[in-house]
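Participant: Input: one structure, supplied below.
Read the figures in this text as sums done on the coordinates, not as results from a lab. In this text, all values refer to a predicted model and were calculated from it rather than measured experimentally. Neighbour counts are summed over all protein chains in view; Cβ atoms, including those assigned to glycine, are modelled from backbone coordinates with ideal geometry.
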Amino acid sequence: MSVKYKSDLLRTLEQRGFIYQVTHWDSLDEAFARQSVVSYCGFDATAESLHVGNLLALMVARWMQEYGHKPILLVGGGTSKIGDPSWRDKSRPLLTDDVLEKNINGIQRNFRQFLNFESRSGALMVNNADWLDDLLYIPFLREIGVHFSVNRMLALEHVSSRLEKEEPLSFIEFNYLLLQSYDFLKLYKDHGCVVQFGGSDQWGNIVSGVDLVRRYEKAQVFGFTMPLTTLKDGTKMGKTAQGAVFMDAALCAPYAYWQFWRNVDDDDVIRFLKLYTLVPMEDIQRLTQADAVNEAKIVLADEATLLVHGEDCLNGIHAMINGVFFDQAPEVLDLNMPHWVISEDQFSKGITMVDILEYLNFVESRSEARRKILEGAVRIGNQVWKEHSQSLTKVDIPQGWSFIRCGRKYQGWIKYEN
């Protein structure tokens, strides 16, 4: 169904593929068209950094700010002590206070990378532990619990699926829905927040929050979800063979972050340009040409990295890729690329290019490494390397270091220690 939007924000979100489910289309569109709207999205503190799988919600918040609306990013310092049971077969492990504090600090740093929190009209950052930790149980049940039906809670798909599989659902997890709904009520009362958004796995929780505010405050508020995105091969967004693609540079080097986007499947690149960058739609349309796929991947990698790591870091990545400098680069940029610092002992025993490609994870097997070398796809510095069994000598690395390239996708460096 084609929807004609009054609000620029919803029109943009729809065009770029962000909208999946909405509670009240027309009224929400009217609200965004009429005034600056306060909206929120929550992130539980289950890791010390957000990852690529969290980016969709952050991009929605960024677009809200671009169009003059006020996003609130909530870190679940309180709800993380319970763990969201949505679409999980097993209970999450309970986190200690020290782990929670470390995770909260890391996630709040991620927030600051992405949004402007400085101006009076800027985004707002909150922690639901500030109000959930002080709740009194009996008053909470009398004031909030009375608005929830156990029958309806049991009918939620993520709950019923756990019960059908005879997987235990603890009482503490069962309370999660009430606490997330209370977050919405609290933000409505304190900040005039009228929209909650999140991934489609949060639909039941979001609708319950909308219903609580309606019942408790007799007010109309809204909720919408974004689709859960996967890679073409069905892999969950943000997951690789090496682990999650984190936003924190200490957990995922910016070069590895850039390379994640550079290496996406051809069929994913246009969809991801719409979702994970601010590139205008007319520019994306130009990149849909069949002969522009390589350019499109570089634009995707550049723009996605720019949003998270900034212009200086992106410039450093390009400088290393192009071989402009090495020794002059800050050490943090050197370490952003796949690399191998080879000891004198290792070097003296013999290091082949097959060893290097395998160590840098540029290939899945040694036979693939040999094939790449014979195809002329491997370079050391600016020279094509075609010897798969020959050990490197210091003559091959006259400066003590060299760039290694394997095809178009992979770049790294090696260095030997004297």
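Participant: Around D266, what is the net charge, scoring Lys/Arg as +1 and Asp/Glu as -1 over all other residues with Cβ under 9 Å from its Cβ? Walk me through the numbers before you get to the answer.
Facilitator: Values: positive: K232, K297; negative: D265, D267, D268.
With Lys, Arg at +1 and Asp, Glu at -1, the neighbours total -1.
Participant: A further question on this structure: Note down the magnitude of the dipole of the chain about its Cα centre, charges +1 on Lys and Arg C-beta and -1 on Asp and Glu C-beta and zero elsewhere, to the nearest 20 debye.
Facilitator: Working: 44 positive and 55 negative charges, 136 e Å.
That gives the chain a dipole magnitude of about 660 debye.
Participant: Given Y416, H388, S348, which one lies farthest toward the positive end of the charge dipole of the stretch 339-416, if we put +1 on the Cβ of every Lys and Arg and -1 on the Cβ of every Asp and Glu?
Facilitator: H388
Participant: List the longest stretch of the chain that has no exposed loop site; here a site is one of the GluC sites (Glu not before Pro) assigned by DSSP to anything other than H, G, I, E or B, with at most 16 other Cβ within 10 Å. Could the numbers behind the result be given before it?
Facilitator: Numbers: sites that count: E118, E166, E364, E375, E387, E417.
Free of exposed loop sites, the longest segment is 167-363.
Participant: How far apart, in nanometres, would the label points at N315 and S200 be if each is projected 7 angstrom from Cα along the Cα-to-Cβ direction?
Facilitator: In this crude label model, N315 to S200 measures out at 4.2 nm.
Participant: Rounded to the nearest 500, what is the chain's calculated 222 nm mean residue ellipticity when only DSSP H runs of at least 4 contribute -39500 (n - 2.57) each, over all residues?
Facilitator: Details: 20 runs with 186 residues, N = 418.
Computed ellipticity for the chain at 222 nm equals -12500 deg cm²/dmol.
Participant: Could you compute the net charge surrounding A45? Neighbours are other residues with a C-beta less than 10 Å from the C-beta of A45; K and R count +1, D and E count -1. Don't skip to the answer; put the middle values down first.
Facilitator: Working: positive: K81, K102; negative: D44, E48, E101.
Net local charge, A45 excluded: -1.
Participant: Extension gain S161-E66, at 0.36 nm per residue separation less the Cα-Cα distance, in nm?
Facilitator: Details: separation 95, 0.36 × 95 = 34.20 nm, distance 3.89 nm.
Value of the extension gain: 30.3 nm.
Participant: Can you give me the distance in nm between label points at I172 and D291, each placed 7 Å from the Cα along the Cα-to-Cβ direction?
Facilitator: Each label point lies 7 Å from its Cα, and together they span 6.2 nm.
Participant: From the phi of every residue in the stretch 15-29, what ³J(HN,Hα) in whole Hz does the Karplus formula 6.51 cos²θ - 1.76 cosθ + 1.60 yield, where θ is phi - 60° and glycine or proline is x?
Facilitator: Once θ is set to phi - 60°, the couplings for the stretch 15-29 become 4, 8, x, 8, 8, 10, 9, 9, 6, 9, 3, 4, 5, 5, 4 Hz.
Participant: Counting Lys +1, Arg +1, Asp -1, Glu -1, what net charge surrounds D396 among other residues with beta carbon under 13 Å of its beta carbon? Don't jump to the answer; show the numbers that get you there.
Facilitator: On the way: positive: R379, K386, K394, K415; negative: E387.
That sum, taken over residues with Cβ under 13 Å, equals +3.
Participant: Another question about this same structure. Can you sort I82, I138, I298 from fewest to most other Cβ atoms within 10 Å of each residue's own Cβ? Intermediate results must be reported in sequence, preceding the final value.
Facilitator: On the way: I82 22, I138 8, I298 17.
The most exposed by this proxy come first: I138, I298, I82.
Participant: By how many nm would the segment from Q113 to V99 lengthen if fully extended, with 0.36 nm per residue of separation less the alpha-carbon distance?
Facilitator: Values: separation 14, 0.36 × 14 = 5.04 nm, distance 2.16 nm.
Length difference between fully extended and current span is 2.9 nm.
Participant: Quick one: work out the % antiparallel among DSSP beta bridges in the chain, nearest 5. Let's see the in-between values first.
Facilitator: Details: 18 of 40 bridges.
Taking every DSSP beta bridge with both residues in the chain, the antiparallel ones total about 45 percent.
Participant: Could you work out how much longer the chain between K386 and R408 gets when fully extended? Use 0.36 nm per residue separation minus the Cα distance between them, nm to one decimal. Don't skip to the end; give the middle numbers.
Facilitator: Values: separation 22, 0.36 × 22 = 7.92 nm, distance 1.67 nm.
Taking 0.36 nm per residue and subtracting the Cα distance, the gain is 6.3 nm.
Participant: Starting from the Cα of T393, move 7 Å in the Cα-to-Cβ direction to define the label point; list residues of the stretch 346-373 whose amide nitrogen is under 16 Å from there.
Facilitator: Inside the label zone: 347-353.
Participant: Can you sort T96, T12 so the residue with the fewest Cβ neighbours within 10 Å comes first?
Facilitator: Numbers: T96 10, T12 16.
By the 10 Å Cβ count, ascending, the order reads T96, T12.
Participant: For Rg and Dmax of the Cα atoms in Å, pick the label among (1) 21.0, 66; (2) 30.5, 128; (3) 24.8, 79 that corresponds to the value derived from the coordinates.
Facilitator: Recomputing Rg and Dmax of the Cα atoms in Å here picks out (3).
Participant: If you take every DSSP beta bridge fully contained in the stretch 339-416, what fraction is antiparallel? Give it as a percent rounded to 5.
Facilitator: Numbers: 12 of 16 bridges.
DSSP beta bridges in the stretch 339-416 are roughly 75 percent antiparallel.
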